[in-house]
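Working notes, beginning with the structure itself.
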Amino acid sequence: MTSSQYAAAGVDLTQAELAKAEIGRLVAGTRTGLSLGDVGAFGGMVRIPAGMRSPVLVMSTDGVGTKVLVAQQAGRYDTVGEDLVNHSVNDILVHGATPIAFMDYIAGHRLPVEMIAGVVEGIARGCRAHAMALAGGETAAMPGLYAERTFDLAGTIIGVVEESDALHGDLIRPGDVLLAYASTGLHTNGYTLARRVLLEQLGLTLESPLPGGNTSVGTALLAIHQSYMAAISPVLTQVHGLAHITGGGIGGNLVRVLPAGCEAVVESGSWQWPALFQAIADGGGVSLDEMRDVFNLGVGMIAILPAGAVTDASASAARAGVATWVVGNVRSGSQHVVFAG
């Protein structure tokens, strides 16, 4: 099969080469002092930071789900790229790790160069913000599996932490406080239900005003997933545990870090849901239990720490521009999460 036949079948090698060149430029801009090897090699290489006594690699793979459909509808692609990085950074921050390398995977069909470049631009921006190398990735053309100009997006992050400093949740004790860190919106979870309620049931467009809010539906839905690295890393030594609030909501994620004999009590009246979540609940008649199961409800991260560390942690978050508030506490009990109030 010649290259022209391959293009007729759905894979344009000329466009692929143009995209590869643009991606190479963006990747080169993220290289750090830990980077090794050439851009475009079969594998990406990074050094372990010097001076570590017993380094442990912390890895995580994730995607941004159906948020890519909102990006496609809006014609803006860089935001989901940055979302992917920030989500991944938060996942390893939970274990006290510092990110050192990232790899992305974009799969789709007949994606214009500017679309691919937009996604990678956002990924590169997120990597630079965390002094992390975009060590490589893959752009796969898959006609027959994806419709034209549609894609899926995933990534893998590698971080490092001293073994003695790694967070596992085992330090959490009854009497510890739950400190909530504000989310910037849905982050990267719950978009299937959000799109159904806002765009289908309510018939809103991305340009429509958000009910009860002061922005458009599209702006609210595409708000970039907050990274909590700058807010939390300065006080990590005072933190007993961290929970990244993603799919499964507060209850489903907070329970993942609780040790045996500890029960987390979340005071549901300690904060007001942002307008986006209230619009989904009201517009779709979504029950309280389902809202709690699907969405972060305005809380993107929860730190579990001694009461005496709250002032320092809140001040650190404020310097990073992230709002915090005490949302509950830990008490003796079975290993689960209780909503009170």
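Derivation of every value follows stated rules applied to the coordinates shown; laboratory data play no part. Since we're looking at a predicted model, the values are computed, not measured. When we count neighbours, we look across all protein chains shown, and the Cβ atoms used for this are built from the backbone with ideal geometry, even at glycine.
Structure above, values below:
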| item | result |
| --- | --- |
| Under the Karplus curve 6.51 cos²θ - 1.76 cosθ + 1.60, θ = phi - 60°, whole-Hz ³J(HN,Hα) for the range 46-58, x wherever Gly or Pro sits | 9, 7, 6, x, 5, x, 7, 7, 9, x, 10, 7, 10 |
| Helix 78-93 vs. the chain, principal-axis angle (Cα, 0 to 90°, nearest 10) | 40 |
| Size of electric dipole in the chain: Cβ of Lys, Arg +1 and of Asp, Glu -1, about Cα centre, debye, nearest 20 | 320 |
| Amide hydrogen neighbours beyond the local backbone of G300, cut-off 5 Å, H modeled | Y181, A182, S183 |
| Paramagnetic reach from Q335 in the range 232-251 [backbone N under 20 Å; point 7 Å along Cα→Cβ] | 240-246, 248-251 |
| Charge dipole (debye, nearest 20) of the range 177-340; +1 at Cβ of Lys and Arg, -1 at Cβ of Asp and Glu | 260 |
| Pairwise FRET efficiency - A50 versus A323, Cβ, R0 = 45 Å, nearest 0.05 | 0.80 |
| Taking F102, F151, F339 and counting other C-beta atoms within 10 Å, the order from fewest to most | F339, F151, F102 |
| Ranked list, fewest to most other Cβ atoms within 10 Å of each Cβ, for Y181, Y228 | Y228, Y181 |
| Most mobile listed residue (A194, A107, A180) in the chain, GNM with C-alpha springs under 10 Å | A107 |
| Fewest-first sequence of R195, R76 by Cβ atoms within 10 Å of each Cβ | R76, R195 |
